[in-house]
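Notes follow the structure.
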Amino acid sequence: MTSRLYSYLTLALVFLFLIGPFVIIVAAALSGGETLAFPPQGLSLKWIAKVFEVESFRESFALSMFLAIFGTLAALVLGVPVAYAASRYRLPFGETIRTIVSAPIIVPGIIVGLALLRYLVIPLDVSVGLALFIAHTALILPYAVRVVSASLDNLRSDIEEAAVLLGSSRVATFFRIVLPNIQSGILAAFILGFVTSFNQVPVSLFLSGPGVRTLPIDMIWYMEITYDPSVAALAALLAFLSISIVFLAERFLGFSRYV
Amino acid sequence: MSDAAYLNLSDLTLAYGKTIAVERLDLPIRKGELIALLGPSGCGKTTTMRAITGLLKPASGTITLDGKDITRLPANKREVGLVFQSYALFPHLSVFENVAFGLRLKKLPSAQIVKKVEDGLAMVGLGQFQSRKPAELSGGQQQRVALARSLVMQPKVLLLDEPLSNLDARLRLEMRTELQRVQRESGVTMVFVTHDQNEALALADRIVVMKDGRIEQLGTPEEVYNSPVSRFVADFVGFENIFPVKDGQLQTQNGPTELSIPLSAQTTGLAWRPSMVRLGEGRFEGEVLGVAFAGGTREYLLKTPLGPIKAEMDATAPAFAPGSRLAFDLPTERAAVLDRM
């Protein structure tokens, strides 16, 4: 009986730590007061409305969207062939390639950010936007390779041979036979990459420059200057956006099969 | 022989990396023949089939088809069809589109494609399933789609990988009849791979028995079944009593035994089916170790001076009890004469 009590207690604590911050942020976002505080002082939607009026939020939101969409697309363009080669051919340095490709998952973002800043941005004088794009593409690549690999491994390779024997070239076989059968895996990889990029902080922190900031970095900057609840309102909006995307993906794709 | 060969494998060596799977194989196949490649797993039969398709490049040797050297021709240009053991249907396409796949690549006019697909599906009895997805069909139906998909391309050779092994007993008989009918109607040259001797005997015009990447015997089902030429083939088709022969004498556990008839110098062994052993009379004597009732027959295991012998007798004859001694004979004139032990 006591062990049962302990497990309920543990469960309650886990939920408290997972969902608690989210509840606090939403509550703070709906505050009627002038500063970021919990419990909220009164109830109002004015800070939610304010989010859409802050110009830097609009600009950084656009940048983050751009990086998340095009960074993920670039990672897929690079990652799908890598995943295909790794799953279909025994490559001479297969293990090494796999390790290098998954390095950004293992190496802390701070180090990746510092390294890119010191050895890419400073010596080559790469623009902030391009540096962010390269960094985000590199960060998403391992996720793209992994998720697409998982769906390729579930696809029998003999259907490709069947297509070839019916007269199809190898390239045409990839587009006509392989791609249609892994498209839900690719969509899953896209969503995962999008969310990863959009929420990315440490690398973007190093690479963001004057006037060019991703949304999470802009929120930190904003908070250092203005301590009003609009940051909480923005955070709550972003959380709902992420939750809706993942919910829809799970609903229509069985997203959790791939991640 | 090789002048008449429609599909000719000549001095073909096939390897995976450094492992040689098939060594210096010569195999001429005539137009319209139904050939079985028969052998245990690892004998090189599937490898040989893959080489004919072009999915595997030979290490050396040549393959000619219809008078043309196709050894270096890529798989998608060979006009060779393959029905995979797993069927390998395209899961995202309907039955119709699966069958139409190759025809669309040929850029045929769409009316012609529709006609050919409908004819192909009708031929395998699946006309009403055109719009289904492969996952909605049974295994037997999927195989028919795979067969139709290959046939509509009018391949010069149709290869089938273990065509009956994934089907249950009833479907197996049905599919066997179906394959023979399709072959008769289309006249296509067929080569199928199997590890099941009954399948090969029932279906094939000629059987290629393979072992360790080499051909053990090539012959009609009757030849292979009645006159195996090697110990391996004899054992494979049910000659369970096999004895070596040296200088015209049967070599047994108790020394050589004189045979009544002359044998050629190449003869290295003689083999008898259990049903060929004559019980109750003869030159030899043995003791019954065991007896088992097998419906139409009784199966005996004898302890004899020649070594253990398996014999079979009509169940209507009186049974010999275990432990009893009896005379028996191995009729030399009925034995399979083996060149290789």
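Since every read-out is calculated from the coordinates, none of them should be taken as a lab result. What you see is a predicted model; the values in this text were computed from it and never measured. We place every Cβ from the backbone using ideal geometry, glycine too, and count neighbours over all the protein chains shown.
Assorted remarks:
- Calculated from backbone phi, Karplus (6.51, -1.76, 1.60) coupling profile of the stretch B:83-95 in Hz, x at Gly/Pro: 9, 6, 4, 8, 6, 6, 6, 7, x, 8, 10, 5, 4
- Helix B:110-123 vs. chain B, principal-axis angle (Cα, 0 to 90°, nearest 10): 20 degrees
- 3J(HN,Hα) from dihedral phi, the stretch B:29-41, Karplus parametrisation 6.51/-1.76/1.60, rounded to Hz, x for glycine, proline: 10, 7, 5, x, 7, 10, 10, 10, 9, 10, x, x, 5
- Shielding by partners, peptide B:140-152 (average Cβ within 10 angstrom, other chains): 1
- Rounded D (µm²/s) - the stretch B:11-87, Kirkwood Rh over Cα pairs, Stokes-Einstein at 25 °C, 0.890 mPa s: 185 µm²/s
- Taking every Cα-Cα distance in chain A and sorting them into 10 Å bins from zero, the calculated P(r) comes out as 7, 23, 27, 23, 13, 5, 1, 0 percent.
- Compactness of chain B is given as radius of gyration and Dmax, 24.4, 78 Å, from Cα positions.
- Neighbour cut-off at most 16 other Cβ (10 Å), DSSP loop, chymotrypsin sites (Phe, Trp or Tyr not before Pro), the stretch A:66-153: A:Y89, A:F93
- Relative intensity, log₁₀ I(q)/I(0), of the stretch B:62-146 from a Debye sum that treats every alpha carbon as a point, q = 0.11, 0.15, 0.26 Å⁻¹: -0.36, -0.63, -1.26
- Residue-averaged 222 nm ellipticity for chain A, from DSSP H runs of 4+ at -39500 (n - 2.57), nearest 500: -24000 deg cm²/dmol
- For the options B:T62, B:T316, B:T268, a Gaussian network treatment of chain B with springs between C-alpha atoms closer than 10 Å singles out B:T316 as fluctuating the most.
- Shielding by partners for peptide B:65-77, expressed as the average number of C-beta atoms from other protein chains within 10 Å of each residue's C-beta, is 2.
- Put simply, the amide H of B:V83, placed in the peptide plane, has neighbours under 5 Å in B:L159, B:L160, B:D161, leaving out anything fewer than 5 places away on its chain.
- Point-charge dipole on Cβ atoms (K/R +1, D/E -1) for the protein assembly as shown, about Cα centre, debye to 20: 820 debye
- Derived scalar couplings ³J(HN,Hα) [the stretch B:51-62; Karplus, 6.51 cos²θ - 1.76 cosθ + 1.60; whole Hz; x for Gly, Pro]: 5, 5, 6, x, 6, 10, 8, x, 6, 7, x, 10
- Most fluctuating residue given options B:M175, B:M313, B:M153, as computed from a GNM of chain B linking Cα atoms under 10 Å: B:M313
- Placing one equal scatterer on every Cα of the stretch B:232-338 and applying the Debye formula, the log10 ratio I(q)/I(0) at q = 0.18, 0.20 Å⁻¹ is -0.86, -1.04.
- Per-pair calculated FRET efficiency, R0 = 60 Å: A:A115 and B:K303 via Cβ, rounded to 0.05: 0.15
- Stokes-Einstein D (µm²/s) once Rh is taken as the Kirkwood radius of the stretch B:145-189 over alpha-carbon pairs, at 4 °C in 1.567 mPa s: 116 µm²/s
- Each peptide in B:269-276, B:122-129 was scored by the mean count of other Cβ atoms within 10 Å over its residues; highest first, the order is B:269-276, B:122-129.
- Pairs of Cα atoms nearer than 8 Å and 6+ residues apart set the relative contact order; for chain A it is 31 percent.
- Chain B: relative contact order in percent, alpha carbon pairs under 8 Å with at least 6 residues between: 16 percent
- Across peptide B:102-110, the mean count of Cβ atoms from other chains lying within 10 Å of each residue's own Cβ comes to 2.
- Three principal axis extents of the protein assembly as shown based on alpha-carbon atoms, in descending order, are 117, 72, 54 Å.
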